[in-house]
Each structure stands twice: as structure tokens, then as C-alpha cells.
């Protein structure tokens, strides 16, 4: 199965394992639970999906690379204790708590999550001395004499590199357009592992994602992107050279075709027709790149809408809580800011979630200031003002929707004028169909 199917399978398994009855007792006996074994090539995203699953299900995550562990760190260090058996004092060997089990308890204490996932990475590389201990753990959920806490789940899933699924993920995560466009054309370059007598050459999904981040950083700093930089992330000489050349073309096409002006309708008709003629006469790679430039620009707008919508929904939620509570607005904002800091300290929020919470609290602060400036003391009058101010945020979201719908219409018109109903239009439609938060 592909990485997205594996993610859903893990979520469903976790939900089944964590089901409880009305008294709060787990319905799935631990003895019948099977650890989930994720098998797949390196860099495909196994660790990333475990983080996404934990966040989606609201549980903790303890991740360990098992190759770094010895038998002692896994089951604990021995120490001598005195015990009485049959009236005689005996010296017996006990063990300190396993470092791994201790980390589970520490995560529970730090995050407040009493349920979670213990992810043991590279378990296939476990040392021979640790193998019996790992077998005991997989069968009995114990390291030595120490059991994994109740509520922490430790079933084989084979994961394959699926480019179409990864491209959906890449568009959702707003990875660099050049990466998405290149892999749409050069699909065979997505995952490469070649071993020779001299070295190992490889290109992985993780490498493409990391490359995307550095490309965005270099562009923001206006630093040239070189083949040497690309080769740090794509460890296959031919692929690195090919992508570096394509990246330069992508930047040139991005400048030549003036996609932002086409989408917002500010490009003069004569200049527009010049771009249409240029695209019609382009090579296959150029035509696909043009479509991906349109998709990249639209994707950025869809992502902006998703952020705006999530922020407005969250603001509405907090305003509802405030209305139904008994705190002053100042006390309510202070309490939510403390909650945000706790979540940040315990890494319970993604970067996007933290930004959204900051915006919402800042907006609530603006509303509080407006209430004070209006010298409002009456609770009903205060709620009326808050409702009016919230209406401004809703209106801004509606304005964004209308703008994106206009840009979407212009994008379809441009691709239709350039390529008619050919494969380029099919690419545009199919990609938009799989893109989250598309506005039609």
C-alpha cells in the first residue's frame, strides 16, 4: 500500500485498540494486540506519518531509533537487592527501568497525554544481543520486567513509494512548485537507489521535501541555487544535474509567462495573447511546466484561504466559549495565552496551529481594546460590538473567496486558450480535484 493508505490503516488500528467501555476500560485486550510493522524504503515518510497520526488522534508519540540502543538501555541496568525467601536473606538481581519505558512515562507527564504511540524506528537493524528482548517486547509489551503503560500501543504494513500520493501531499504542504512540476514530468526520478562498488546513490521522498524547503529559503534570501546545492539533497549525480537545469528553466518560465498577472486579470490583452502563442508552440516539458505554474499559483491562494478559514472558525469557537463562560474578556485572553504556552513547550502544536492561535489571541486583544475605547460596560452591548467586529473577519474571508474564484476562472481560461481540452487541461483538472480547499 502507499503511504497515505498506511496512514489511514494506522489511524483505524489505533482507534480500535483505544476503544473503551462506559466504565473507561479498554475493550481490546492487550494480549491480542499486534504491533504495527511498517516496512518500506528509507526516506519514504514512515516517521512523518507517525507524527501526523499522533497529532490527528490527539495522543502522545515517543520515537526511538532502535539501532542506538544496547540491551542494557532497553531493559535497564542490573543492580543487587536483598530479599527474604524461606526465612533466608538472598541477594537477587533487579533492573532499573528501561530507558525506553521511562521516556514513555516522561512524555505522559510532559504532555498530559495518557495514551500514545511508541514508534521504534529501524527495528530491522536491531543487534543480535537485543533481538530476544525485542521479541519479548513485541509479544508481551514488556522490556525486561517493565511493562508499557496501559493506553500506549505498540500490527505488518508494507509501504511503497507512490508518486501520485506524494504529489497530493506535496501540493497540500505547499512544497516548491519546481519540485512538483519536475516530478510531474520526470516521474522516474522520484525514487532512485543504486549501489555500485564505489558508492551508494539515492533519491528519496524525504530528499525532495528537504530540497523544497532550502529552495524557498534561498529564494527568500535571493541566493543563487546551484547544482552543488541540489546534490546535497539528491544523492544521485544524474538526477541532481537534471533537476538543477530544470529549476533554472522553471524560474525562466515563471518570469516569462507572468502567471500572477494572468490570474488576477491585470495583463494586457496583447501581452496575454503573446503568452498563449508562446505556450502553444512550446515543447511537451514546457507545456506541462506552464500548467504546473498555474497550479502552483492557485495552490498558494487555496492555502491562504485555508489559513484564513481556519482562523475565522477558531475565533468563532473562542468567542462562543467566552460568551458562555463567566470570565472577563481580559481573563479569558490571559487563560488562553497560558494554555498556548503550555502546548508550545510540550510540542503539542504544529507551526501552522501555533501561528493560528497567535493570530486569534491577537485579534481578541484588538477586540478587547475596541471595547475599552468605546467605554462599554454592559455585557449585552459588549457582545454586540464583538459580533460586529467578528463580522469584519467573516467579510474578509468572503472577499478572499471571490478573488480566488476569479483567479481560478482566469486560470482555466488561459489553459483552455493555450491547449484546448488536451492532456494539459486534464492535468489541471485532475490536480485541482485532488487539491485540498479548492474553491469552485
Item checked: Residue check, residue 263 in a loop (DSSP other than H, G, I, E, B) and either in contact with a helix residue (DSSP H, G or I) (Cβ under 8 Å, 6 or more places away or on another chain) or closer than 17 Å to residue 408 by Cβ (or both) -> no
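Tell me whether region 189-204 contains one or more residues that are in a helix (DSSP H, G or I) and in contact with a strand residue (DSSP E or B) (Cβ under 7 Å, 6 or more places away or on another chain). Break it down stepwise before answering.
Quick first cut of region 189-204, residues in a helix (DSSP H, G or I) only: 189.
Of the ones still in play, those that are also in contact with a strand residue (DSSP E or B) (Cβ under 7 Å, 6 or more places away or on another chain) are 189.
Checked region 189-204: at least one residue is in a helix (DSSP H, G or I) and in contact with a strand residue (DSSP E or B) (Cβ under 7 Å, 6 or more places away or on another chain).
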Checklist line | Residue among 265, 217 that is under 26 Å from the mean Cα position of the chain (by Cα), outside the structural domain of residue 402 (by TED's automatic domain parsing) and over 30 Å from residue 195 (Cβ atoms) | finding: 217
Note to self: It is to be established whether one or more residues within region 15-29 are surrounded by 19 or more Cβ atoms within 10 Å (Cβ to Cβ), modelled with pLDDT of 75 or more, more than 19 Å from the chain's Cα centre (by Cα) and assigned to a helix (DSSP H, G or I).
What the structure shows: yes
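Could you identify the single residue in 360, 313 that is part of a helix (DSSP H, G or I), surrounded by fewer than 16 Cβ atoms within 10 Å (Cβ to Cβ) and assigned by TED's automatic domain parsing to the domain that holds residue 387?
313
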Margin query: So for region 425-437 (the condition being crowded, with 16+ Cβ neighbours inside 10 Å and on the phi > 0 side of the Ramachandran plot), does at least one residue qualify?
Written below: yes
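Hey, can you tell me all the residues within region 90-109 that are over 16 Å from residue 64 (Cβ atoms) and either in the same structural domain as residue 58 (by TED's automatic domain parsing) or modelled with pLDDT under 75 (or both)? Give the derivation first.
Let us first name the residues in region 90-109 that are over 16 Å from residue 64 (Cβ atoms), namely 90-96, 109.
The answer is 95, 96, 109.
Let's see how each residue does on (1) within 24 Å of residue 307 (Cα to Cα); (2) at pLDDT below 95; (3) in a helix (DSSP H, G or I):
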site: 372; (1), (2), (3): no, yes, yes
site: 376; (1), (2), (3): no, yes, no
site: 383; (1), (2), (3): no, yes, yes
site: 388; (1), (2), (3): yes, no, yes
site: 392; (1), (2), (3): yes, no, yes
Check: Inside region 264-275, can you point out the residues that are surrounded by fewer than 16 Cβ atoms within 10 Å (Cβ to Cβ) and at negative phi?
Finding: 264, 266, 268, 269, 270, 271, 273, 274
Notebook entry, point to check: Which residues, counting only those in region 157-188, are modelled with pLDDT of 85 or more, over 17 Å from the mean Cα position of the chain (by Cα) and part of a loop (DSSP other than H, G, I, E, B)?
Noted result: 186
Check: Restricting to region 289-301, what's the tally of residues that are in contact with a helix residue (DSSP H, G or I) (Cβ under 7 Å, 6 or more places away or on another chain) and either more than 14 Å from residue 423 (Cα to Cα) or surrounded by fewer than 18 Cβ atoms within 10 Å (Cβ to Cβ) (or both)?
Finding: 8
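Do we have residue 272 as within 25 Å of residue 434 (Cα to Cα), assigned to a helix (DSSP H, G or I) and not assigned by TED's automatic domain parsing to the domain that holds residue 396 here? Outline the logic, then answer.
On the way: within 25 Å of residue 434 (Cα to Cα): no; assigned to a helix (DSSP H, G or I): yes; not assigned by TED's automatic domain parsing to the domain that holds residue 396: yes.
No; evaluated as a whole, the condition is false for this residue.
Here are 203, 179: which of them is within 20 Å of residue 301 (Cα to Cα), in contact with a helix residue (DSSP H, G or I) (Cβ under 9 Å, 6 or more places away or on another chain) and crowded, with 19+ Cβ neighbours inside 10 Å?
On the way: 203 fails: within 20 Å of residue 301 (Cα to Cα).
That would be 179, the only listed residue that is within 20 Å of residue 301 (Cα to Cα), in contact with a helix residue (DSSP H, G or I) (Cβ under 9 Å, 6 or more places away or on another chain) and crowded, with 19+ Cβ neighbours inside 10 Å.
When you scan region 219-233, do you find a residue that is part of a loop (DSSP other than H, G, I, E, B) and surrounded by 20 or more Cβ atoms within 10 Å (Cβ to Cβ), even just one? Please lay out each step first, then the result.
Start the filter on region 219-233 by keeping residues that are part of a loop (DSSP other than H, G, I, E, B), which leaves 222-226, 232-233.
Subset that is surrounded by 20 or more Cβ atoms within 10 Å (Cβ to Cβ): 233.
Scanning region 219-233 turns up at least one residue that is part of a loop (DSSP other than H, G, I, E, B) and surrounded by 20 or more Cβ atoms within 10 Å (Cβ to Cβ).
The values are calculated or read from the model by the stated rules, or taken from the named source; none is laboratory data. All of these numbers come straight from a predicted model, not from anything done at the bench. A quick note on method: Cβ atoms are made from the backbone with ideal geometry, for glycine too, and the neighbour counts reach across all protein chains shown.
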